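Trainee: This structure is in structure tokens; I'll ask about it shortly.
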């Protein structure tokens, strides 16, 4: 969900000329019911999956239950703590008489961050499960993401979309224009799939998604 929701917040700032340094409190919620209607469009659904993450020790966000009420199976993962920066040798002051030498000691210099861990990989596993389960009755795979890069432990959404297309599935990518990877709009790649692949941009639905969440 982060790819869609973060870009939603950015689009609100752009549309209403809100400074990037300004903070929303609380953040405008994305209307998940309307988003789901845009994704589904009254078609028969065999599987709805969402991948989400939370910082360690945090309670489950309210939107997780909203996703479940919309019919999604939610894979909620705890974010991973990482230290960005570097270690540098501690410097000993000239003339110091402390018997415990600082030689060999190191002083940490960096920033602690919490990053998503295996969220994309888990969601791509769900895609593979659905495609294989319904391989005799292909339908439309809808991906609500603009990301096309490989994940740390998987080939990425683009690779899974391409595999699904080769198996006879139609594929739709639903994304905000600013977060849509150019891989999804590469003319040679899209031409090879014809009407079996399409991109749906969410930009035209911004006011609806915001107004319905008020």
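Values in this text are rule-based calculations from the coordinates and carry no lab data. It should be emphasised that the depicted structure is a prediction, and the values quoted were computed from it without experimental measurement. For neighbour counting, all protein chains shown are included, and Cβ atoms are generated from backbone atoms with ideal geometry for every residue, glycine included.
Trainee: What length, rounded to one decimal in nm, is gained on full extension from residue 199 through to residue 73, with 0.36 nm per residue of separation minus their alpha-carbon distance? All intermediate terms of the calculation are to be shown ahead of the outcome.
Mentor: Values: separation 126, 0.36 × 126 = 45.36 nm, distance 2.37 nm.
Contour length minus Cα-Cα distance gives 43.0 nm.
Trainee: I've got another one for you. Determine the distance separating the Cα centre of region 173-214 from the Cα centre of region 45-69; give it in Å without decimals.
Mentor: With region 173-214 and region 45-69 each reduced to a Cα centre, they are spaced 23 Å.
Trainee: Here's something else I'd like to know. I need the calculated FRET efficiency for the pair residue 37 and residue 178, taking r as the beta carbon distance and R₀ as 22 Å, to the nearest 0.05.
Mentor: Numbers: r = 22 Å, r/R0 = 1.02.
Efficiency, from the Cβ-Cβ distance: 0.45.
Trainee: What length, rounded to one decimal in nm, is gained on full extension from residue 111 through to residue 10, with 0.36 nm per residue of separation minus their alpha-carbon distance? Display every interim value, and only then the final one.
Mentor: Values: separation 101, 0.36 × 101 = 36.36 nm, distance 2.43 nm.
Full-extension gain reported as 33.9 nm.
Trainee: Label-point separation (nm) for residue 27 and residue 187, each offset 7 Å from Cα along Cα-to-Cβ?
Mentor: 3.7 nm
Trainee: Using only Cα atoms, what is the ratio of the radius of gyration of the chain to 2.2 N^0.38 Å? Provide the component values of the computation, followed by the final result.
Mentor: Working: Rg = 22.3 Å, N = 214, 2.2 N^0.38 = 16.9 Å.
Taking N as the residue count of the chain, the ratio is 1.32.
Trainee: Next question, about the same structure. Taking 0.36 nm per residue of separation and subtracting the Cα-Cα distance, what length does fully extending residue 65 through residue 46 add? Could you put the intermediate results ahead of the total?
Mentor: Values: separation 19, 0.36 × 19 = 6.84 nm, distance 1.97 nm.
Between residue 65 and residue 46, full extension yields an extra 4.9 nm.
Trainee: Shifting gears a bit: If one takes the longest principal axis of the Cα atoms in the chain, at what angle in degrees, from 0 to 90 and to the nearest 10, does the Cα axis of helix 2-15 lie?
Mentor: 90 degrees
Trainee: OK, next. Please say if region 1-83 is rounded, prolate or oblate, where rounded means a/c under 1.5 for a ≥ b ≥ c the square roots of the C-alpha gyration tensor eigenvalues, and otherwise the choice is prolate for a/b larger than b/c and oblate otherwise?
Mentor: Details: a/c = 2.29, a/b = 1.18, b/c = 1.94.
It comes out oblate by the Cα gyration axes.
Trainee: Working from Cα positions, state the angle (0 to 90°, nearest 10) between the long axis of helix 157-166 and the longest principal axis of the chain.
Mentor: Between the helix axis and the principal axis of the chain, the angle is about 30 degrees.
Trainee: May I pose another question? Once you've got the GNM for the chain with C-alpha springs shorter than 10 Å, pick whichever of 20, 191, 50 has the biggest mean-square fluctuation.
Mentor: Top of the fluctuation ranking is 20.
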